[in-house]
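First up is the structure itself, then whatever we jot down about it.
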Amino acid sequence: MMRWLSLFVIVLASSTFTVLEGAPAPEITKALLPTPSDDTDRNVLTCSLCREFVTDIYQLLRNESVTDEQLIDYVVDVCIRLDIFANPEQVCGGTALILLPTIKYIDSSNVVTVGNVCGMLIQGQNCGLSNPEQLEWTIDINADTKPPVDQLSPPPEGSPTVKVLHLADIHWDPEYLAGSNAMCGDPLCCRATSGEVVNATDAAGYWGDYRTCDLPWYLIDNAVAQMAARHRDVSYIIWTGDLTPHDVWSTEKAENIMIIDRLMTLIQQYFPSVPVYPTLGNHESHPVNSFAPPEITDVELNTAWLYDEADRQWARWLPADASSTIRYGGYYTTLVQPGLRIVSMNMNYCYTLNSWTYLKSQDPASSLLWLTQILEEAELNGEKVHILSHIPPGNSDCWTVFSREFAKIINRFESTVAAQFYGHTHKDEYKVFYDLVDVTRPINVAFIAPSLTTYSKLNPGYRTYTIDGQRPGSTWAVLDFNTYIMNLTDANLKGAEVEPVWTELYQAKQEYGLTDLSPQSMDALFQRMLTDDALFQLYFKNYHKNADEVVAEGCTNRCRSNLLCRIVTTDIGDQSKCDQIRHELFSHPEF
Ligand SMILES: *[C@@H]1O[C@H](CO)[C@@H](O)[C@H](O)[C@H]1NC(C)=O
Ligand SMILES: *[C@@H]1O[C@H](CO)[C@@H](O)[C@H](O)[C@H]1NC(C)=O
Ligand SMILES: *[C@@H]1O[C@H](CO)[C@@H](O)[C@H](O)[C@H]1NC(C)=O
């Protein structure tokens, strides 16, 4: 009973962000989704709307005389009714057509409970679950063996450090066309097919566009050339996925493979002797967001084609022994240097827009079980671990049970996991993990890097980290990070003939007045932002990579509580820290 999902996948995937957005979301999603969870009226509306579709489609599905065409027509009709896209036939019909075989397969398994669907799909809205026990699972962790937590001391003056470049959400659009229509009303514009330009201000900029557009090749080439020239001291690169464009209604496997290949080759050309540690974004798959668990053997529907391709592409940088888990579930581990291990997770298995999550949400591909085993070995071997993945756990689109179990693992292995790195949100942000018993004790930090894509209302950006380096007893902790951006307004004003200027937006320690980037310091930063308006405004500006329009719009009290909530939420099902924030902000009426 899943065909109605087509609709929501379109709506949600078109923005790639969901309900906890702190700032104005793309126009197309405004009609339906970004309703922060403190807005009761609209919650009711959104959940009831979701249930209405579920009921409708349930009836269509039980009716044997309803054809595939009629189902797709139904989805298109709903899109027309909601008035969310300029070309509902193309966008909604196209996405539904691509997803239909997957949805039908999942439906035929008869394991999906209709009353659980809305509560899972738009979990930030608290629609409720009819049978929560069906979605319950836990990972066995031997908490008794947890070693005592050492107080980490900062590296002595003059200690070696490692420079790391973080690439996130590049979203190359091979069809980007300067001067085409940027106001097309569909999830992706700025293409020859985006329709007529009715007003000169609607034309796509040369170097990119703040509206719902992805990046032209020459901007990406310029960005990477600039990185290579500026950061000659990079030891390795982490690359957290989402390479393909937001045309979710017209994706093809061959196109995705071409994009992955071209971009990987580009990075290798500019950084010929630098190892790269990649991970898969939700956009790399076809249909978009679809990552099947390994037990699905139907090659037309499963994800083997992508895992095999990832293995081939990543073999440029990874040792041969990473291969088997990549081909099994899209994840791997490898030693970067003696003492430092990278674990690249496939968090698309927690993604609530991944239709396969409805068939199997119980630790798909056993990736969390595998993670605990890797961390146990690392602990025994005295290694520190950097976890990297695309979707940050605790994001509103990462399934709560998965995030909860993940947080338990981080708790158990807090002394082994030195840092976590993610992308997906396109924003420059971070999350703090807390002890599950002493809930005020910060234990870990997730660094979430900004996107290279401008989608949407953003400047192109990326990050570098300075990490505690090779020395006896190295913490391998993140000591500082720098975010770099390009002012797109400025680049487009100067035009095609002038090289765009990339500037350092900020250095974390200096910008926020921190002595280090430890969990304690990042928690203290969060605490200060609750009451220090100037500091929060700085965070808000950096969160949007100083994009002129959004920063000028400012951040309302609700936007503020959402942004701060994101920092302390590592499981969307646990709102206790958010409730405190709302209470806190409510008692400071000057905000
Ligand atoms: C089944 O679908 C047919 C064709 O769309 C429609 O005429 C009929 O009323 C439906 N039956 C039920 C029980 O909904
Ligand atoms: C074109 O866009 C500008 C800026 O948004 C607006 O002021 C103007 O009225 C528009 N012109 C037409 C003909 O719609
Ligand atoms: C970006 O460039 C534009 C045009 O030069 C300028 O007006 C604007 O202030 C710049 N934005 C920032 C944040 O510097």
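Please treat every number below as a calculation from the coordinates, not as lab data. Just so you know, these numbers come straight off a predicted model, no measurement behind them. All Cβ positions, glycine included, derive from the backbone under ideal geometry; neighbour counts span all protein chains shown.
For THR489, what is the net charge nearby, where nearby means another residue's Cβ is under 11 Å from its Cβ and Lys, Arg count +1, Asp, Glu -1? Net local charge, THR489 excluded: -3. Across region 413-479, the convex hull enclosing all Cα atoms gives 106 Å³ per residue. Neighbour counts of other Cβ atoms within 10 Å put THR515, THR325 in the fewest-to-most order THR515, THR325. P(r) tail, region 490-591: Cα-Cα pairs separated by more than 22 Å, 41% of all pairs.
Nearest 0.05, what FRET efficiency do VAL198 and GLU252 give at R0 = 41 Å with Cβ-Cβ as r?
Calculated transfer efficiency: 0.85.
Over 36 Å, how big is the tail of the calculated P(r) for the chain, in percent of all Cα pairs? Pairs farther apart than 36 Å: 31 percent. Counting only DSSP beta bridges with both residues in the chain, the antiparallel share comes to about 60 percent. Shown for TRP356, TRP305: other C-beta atoms within 10 Å of each C-beta, ranked fewest to most, produce the order TRP305, TRP356. Treating each Cα of region 467-532 as one equal point scatterer and applying the Debye formula with no solvent, the log10 of I(q)/I(0) at q = 0.14, 0.27 Å⁻¹ comes out as -0.63, -1.12. Checking the Cα-Cα distances for LYS431/LYS545; LYS457/LYS509; LYS431/LYS509 against a 24 Å cut-off, the pairs over it are LYS457/LYS509.
Mean projection of the Cα convex hull over all viewing directions, computed for region 75-138: 5.8 nm².
Taking 1.306 mPa s as the viscosity and 10 °C as the temperature, the Stokes-Einstein diffusion coefficient of region 354-450 based on its alpha-carbon Kirkwood radius rounds to 112 µm²/s. Close amide H partners of VAL445, meaning residues 5 or more places away or on another chain with modelled amide H under 5 Å apart, are GLN420, PHE433. In terms of surrounding Cβ atoms within a 10 Å radius of their Cβ, HIS426, HIS286 rank from fewest to most as HIS286, HIS426. Each residue of region 524-541 was assigned a 3J(HN,Hα) from its phi angle through the Karplus expression (A = 6.51, B = -1.76, C = 1.60, θ = phi - 60°), giving 4, 4, 4, 4, 5, 5, 4, 10, 9, 5, 4, 5, 4, 4, 5, 4, 4, 4 Hz with x at Gly and Pro. By the rule of a C-alpha distance below 27 Å, with chain neighbours fewer than 8 residues away ignored, the lysines paired with LYS104 are LYS253, LYS360. Converting phi to 3J(HN,Hα) with the Karplus coefficients 6.51, -1.76 and 1.60 and the offset θ = phi - 60°, region 480-497 yields 6, 9, 10, 10, 10, 9, 10, 6, 5, 4, 5, 4, 6, 5, 6, x, 5, 7 Hz in sequence order, with x at every glycine or proline.
DSSP loop (so not H, G, I, E, B), at most 12 other Cβ within 10 Å: list which GluC sites (Glu not before Pro) in region 532-591 pass both filters.
Within region 532-591, the qualifying GluC sites (Glu not before Pro) (loop, at most 12 other Cβ atoms within 10 Å) are GLU590.
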